[in-house]
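Report on the following structure.
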Amino acid sequence: MTPSESRAFLLLLVLLTILSFLSSLLYYSFLDQNLHLQECHPDVPQRNISILLWHWPFGRSYSLDGDKCLQMYNISNCFLSDNISTFSSADVVVFHHQELSIGLSPLPLHLERPASQHWVWMSMEPPVNNANLTQLNGLFNLTMSYRRDADISIPYGKTVLGGGNKLGFQAAPNRSCLVSWVVSRYHPHQARAGVYQSLKKYIPIEVYGRWSKKPLSDKKLLPTIAKCLFYLSFENSKSKDYISEKLWRNAFQAGAIPVVLGPSRATYEALAPPGSFIHVDDFRDTVQLAAHLKHQAADRQAYEKYFQWHHTHRIKTFTDWRERLCQICLKYSSLPANRVYQDLESWVNS
């Protein structure tokens with residue numbers, strides 16, 4: 001081998017060594033990234049899962065371009081679409097009940113449904129607002145709702161360990177109102193209506209929303225509630241696990257103490273931050289409740305005890321439907337494969 005051939009051989013050997021090193025770096029970087037995703041989401045699927053949203057809830061749509069689950073929520077192998085032409089290739093098809101119940105978006109019963117495809121019934125409403133369920137019997141494999149026993153549980157909010165929320169409750173003594181309530185759909189037969197009508201006899205309550213003819217825009221909602229010491233987080237229905245944005249957003253994010261009316265105290269204790277709320281059921285009548293609110297408002301130390309949870313817990317709210325849909329992929333591998341809800345109405349009303 002000539003000297004020039006030897007130099008060429010050595011150069012080639014060096015180049016091959018460098019390429020091998022770079023290849024190893026790329027491989028281990030990719031492996032590390034996947035391990036990181038597994039640590040964040042141990043249930044992340046090992047293969048691509050395609051989820052088709054048949055219609056957007058309440059007609060409000062979001063962009064699904066790109067890999068939204070990975071980009072926004074660090075959930076890999078999960079792809080969302082609202083293009084109904086992808087029906088035959090979708091692993092999961094999600095139907096929001098409101099549009100089904102009023103006939104705005106019929107089920108694709110005329111299409112050939114793949115045997116392995118899961119149909120998901122989704123609703124964030126309490127049973128009283130879920131009409132026309134019997135026509136859906138024998139069609140759905142999975143339920144998706146705020147309920148803890150749903151196949152895919154998607155609450156309005158949740159409590160997370162670790163302090164850090166700064167909602168400005170230190171300014172409470174300077175707030176200009178005692179109690180506020182935002183309500184748009186008021187019906188006299190509801191339990192919350194009776195409590196409100198009685199409570200307002202003993203304490204002033206600032207009422208906003210379409211029913212009061214003082215509507216609030218999203219921009220003004222929280223700043224308005226934040227002017228008050230307490231907020232009436234009254235649900236429109238006393239149903240199993242039904243705790244809506246009235247608690248998670250309206251009260252907690254505004255920094256007002258929620259006065260709750262909905263499921264049992266035990267349910268609120270299981271889901272809300274510890275010591276963070278006042279439950280209507282704890283009082284003999286609204287006279288006693290009103291007296292308690294006035295006492296807490298007058299005693300700064302007693303009032304601020306309701307905010308001690310900020311040192312140990314924080315809240316997370318779920319407002320983007322895309323995040324809710326991505327949760328399907330995290331639970332996909334553990335979902336029942338062959339379940340069919342033959343009596344969906346019985347489950348909804350259970």
Trypsin sites (Lys or Arg not before Pro) in segment 192-229 lying in a DSSP loop, each with at most 13 other Cβ atoms within 10 Å of its Cβ, come to Lys201, Arg210, Lys213
Here the gain from full extension of Glu112 to Asn132, 0.36 nm per residue of separation minus their alpha-carbon distance, amounts to 4.8 nm
Here segment 62-78 yields Karplus 3J(HN,Hα) values (6.51, -1.76, 1.60; θ = phi - 60°; whole Hz; Gly and Pro given as x) of 10, 6, 10, 5, x, 8, 4, 4, 6, 5, 9, 10, 6, 10, 8, 6, 9
Amide H proximity to Glu206 below 5 Å, modelled H, separation 5+ or other chain, gives Val179, Ser180, Trp181
Candidate cut points under trypsin sites (Lys or Arg not before Pro) in segment 259-338, DSSP loop plus at most 13 other Cβ atoms within 10 Å of their own Cβ, are Arg284
A student applying the Cα gyration tensor rule (rounded when a/c is under 1.5; otherwise prolate if a/b is larger than b/c, oblate if not) would label segment 106-152 oblate
Exposure proxy check on Asp218, Asp67, Asp151, Asp285: fewest-to-most Cβ neighbours within 10 Å is Asp218, Asp285, Asp67, Asp151
For Gln46 and His187, extending 7 Å from Cα along the Cα-Cβ vector and measuring point to point gives, in nm, a value of 4.9 nm
The residues Glu323, Glu235, sorted from fewest to most surrounding Cβ atoms within 10 Å, come out as Glu323, Glu235
Footprinting proxy, Val93, Val280: sorted fewest to most Cβ within 10 Å, the residues are Val280, Val93
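Only the coordinates and a few stated rules stand behind these numbers; no lab work does. Just so you know, these numbers come straight off a predicted model, no measurement behind them. Methodologically, a virtual Cβ is constructed for each residue, glycine included, from the backbone with ideal geometry; neighbour enumeration extends over all protein chains shown.
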